[in-house]
Amino acid sequence: MDLVCQWFQNNLDIVFFVYGLSFVVMGLAISFQPKKESEFSIAKILWLLAFFGITHGINEWLDMWAIIRGQNRGLDLVRWFALVISYFFLFEFGRRIFRITSSKCPSWRKQIAKPFGWWLSPIIGIFILIAGFTSFDFWKTGSTWARYLLGFPGCVLTGLGFLSYYRCEKEKLEPLKVKAHFLLAGLAFLIYGTLSGLIVPKGDFFPANWLNTDSFLLTVKIPVQVFRAFCAIVSAVTVSGILKVFHYEQMAKIQNALAEREKITEGIQDGIFLVDKNFKVIWANNKEKDAYGDIIGDFCYHATHKRDSVCQPPQDPCPLVEVLKTGKPQTLIHTHFAQSGEPLYVEVSAYPIRDEQGNIVKFVHLSRNITEKMKLEETIKSIGDPLIVINSKGRITVANPLAMELAGYIEEKELVGKHAGIIFAEEEEEEEEEEELLQHIGLGILSKNGSIQNYETEIFTKGRTQKIPVSVTASLVKYQNRILGIVCVLRDLREIKQLQLQLIHQGRLASVGELAAGLAHEIGNPLQTILGNTELLLMETKNEELEAIKNASLHCKKIIEGLLDFSRQQEMNFVPEDINKLLEKTLSLYGKQLELKKIKVEKKFGELPKITVSPSHIEQVFLNMITNARKAMPKGGTLTITTSCHAELDSASLKIPKQVRDDNFVVISFKDTGIGIPKENISKLFEPFFTTGKDGSGLGLSISYGIVKQHGGEIYVFSDGENKGAEFVVKLSTPGGG
């Protein structure tokens, strides 16, 4: 026994450390336990017990410091204030818990509680302050009176309060199985009140001079602080056990809320489950249970994705991870797997649930089965024609890739959600009435028939920079005579329109060619007679009038030869030639004139096979193209000449109709940056005598057209209008072509 006593006396610093730590832990446990909106009345005053535990624990650590480092007046003052404040909080807690009564409490208990009013604590506190500061040894005297007047009654009130509170609230507390905690806590504080409130440092007044720490040590042989530390440990453990009532209460509220939520969510068609921060499912509605089975307690990624780790981007970005990163709700589309292993497309929305401090503690996981919708979208995307779906408000809800490509859009969000007027109408409009909507987008005929077939109209490209002729096949989607939407299938008519214009143009030029050939023969013979006789007369005599007749006849002869060139009535000598070399030869003859006009020539010649042509006539075609380009750029500019097999040109190949593209042709493009060609003039360019210039006969392009046609080729002209340049594309047959 002496050895035990000696060990405790030699290691009082350790005793004080454990003593203080127990109360600090009790105080922190109370502080961190959520008690907000609790139905238990004790929850509103437990903060006082928490402050007692923390301040009293700090006081015991200061006592430990005094043992290790020795006492000094400043430290004694701090210790005294810590002790008085801690006992003040304990006394106030004991007073308040003792005053808590209910209808279950006996009447005598209520009568005893009445005198313990709020005024009691301040009066005792003032008395202790006066006694401490008026004494010779303020620390010993003040702390002694604090123990007598605050510590001892505070512990007694607290101990009795715990016992009385359990009795008054037995109906609520008994199912929670915390009776032992309340009983032990009450006994621990009653014993601690005796050990700490009555056994005080030795003083010169009664009863401190009789019952004190020294007399206790002589009697028991063990310092009283050891027993106090044991009571502190018991108090911390039992109070922590009492705090479980709030946990049980919270769980009961959650269970009640879940039961209520179960009723609310029973009829909701979306799947809902709650997930904790470890990604475990803690609750799920019947919709989710039907789809994935009993998933409560399972990890969400295993329950829905059949995988063993958290979903990872880019294939399966986890919405819960994104919520943790951003703190905001997230929505995305996932592929889940049902119990049967069947894949399900679901739209997942994740929302954070936060605690009182704003920290995310759980997630609400909503999932909507959109499998049928996704299948429909995949079907729409796989349709071989451009398709657009418009809702009743006139907004585009679906546009397949071909429709986006036709209208010049890259990303779906650029088109989907926008008003249909962005494509169909002359001006973009906001939401309209049904009839106005149909009229505005050029589909008013739908209101009469409900559907249309191959209805020709025009749509705008992105930025409304270009109109594209299309054929529309559309039908209304109605429910109870109310338009729900319009399904439109489009067909690009640009190539067909261009081919139609080309055929009309070729037919007109053929007719003009036949007429020109007839005129050339009918006029050519008499003209030859006039020219021959005029030359005979000039051999006999020189006469100005005869010279004028000769010159006029020669001019007419030249025109007739041009008409014959246009109508392909001339003889040609076909030989294999390198088109690039013919172009170089033409440029070498005419290049100086281009330089003088400040025209830069860019040559982009590709590798070409030799083709069979009449070199002199093809050179004439090239010369006409270059001459026209020079005239179109009076202030200078750039002429880009490009050659390529078949139709692999950056610009022209996109414009040449697919039906006339062929691997058995070469393409020569002459593109200038000049004054451009009005669209109304393009169809007239190859007609004989058509010219917009002040000089020239208007036969240059007509002759070029005739030569190219005689070679089995074609000439195409492209221009976006005045001051936007022009491009002439010559297509000639290769050895295997026509």
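The values are calculated or read from the model by the stated rules, or taken from the named source; none is laboratory data. Note that this is a predicted model, so its numbers are computed, not measured. Neighbour counts run over all protein chains shown; Cβ positions are idealised from the backbone, glycine included.
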Subset of region 174-186 that is touching a residue at least 40 places away in the same chain (Cβ under 8 Å) and part of a helix (DSSP H, G or I) - its residue that is nearest to L150 (Cα to Cα): A185
Test: L320 is surrounded by 15 or more Cβ atoms within 10 Å (Cβ to Cβ), in a strand (DSSP E or B) and aliphatic (A, V, I, L, M): no
Hey, K110 surrounded by fewer than 19 Cβ atoms within 10 Å (Cβ to Cβ), modelled with pLDDT under 65 and under 60 Å from the mean Cα position of the chain (by Cα) or not: no
Taking region 333-349, which residues are without any contact (Cβ under 8 Å) to a residue 40 or more places away in the chain and surrounded by 15 or more Cβ atoms within 10 Å (Cβ to Cβ)? H334, F337, Y345, E347, V348, S349
Counting only residues that are among the aliphatic types (A, V, I, L, M) and at pLDDT 80 or above, which one in region 477-495 is farthest from the chain's Cα centre (by Cα)? L493
Residues S240, S309: which one is of a type outside the set (D, E, K, R) and touching a residue at least 24 places away in the same chain (Cβ under 8 Å)? S240
When region 354-367 is examined, which residues are found to be part of a strand (DSSP E or B) and either free of Cβ contacts under 8 Å to residues at least 60 places away in the same chain or farther than 12 Å from L324 by Cβ (or both)? R354, V364, H365, L366, S367
Any residue that is modelled with pLDDT under 75, of a type in the set (A, V, I, L, M), more than 20 Å from G151 (Cβ to Cβ) and in a helix (DSSP H, G or I) - is there at least one of those in region 52-70? yes
In region 596-615, which residue that is assigned to a strand (DSSP E or B) and surrounded by 18 or more Cβ atoms within 10 Å (Cβ to Cβ) is nearest to the chain's Cα centre (by Cα)? I599
Positions within region 447-467 being buried (at least 18 other Cβ atoms within 10 Å of the Cβ) and at pLDDT 85 or above, in sequence order: I459, F460
Single match in T692, T640 (criterion: modelled with pLDDT of 85 or more and either in a helix (DSSP H, G or I) or on the phi < 0 side of the Ramachandran plot (or both)): T640
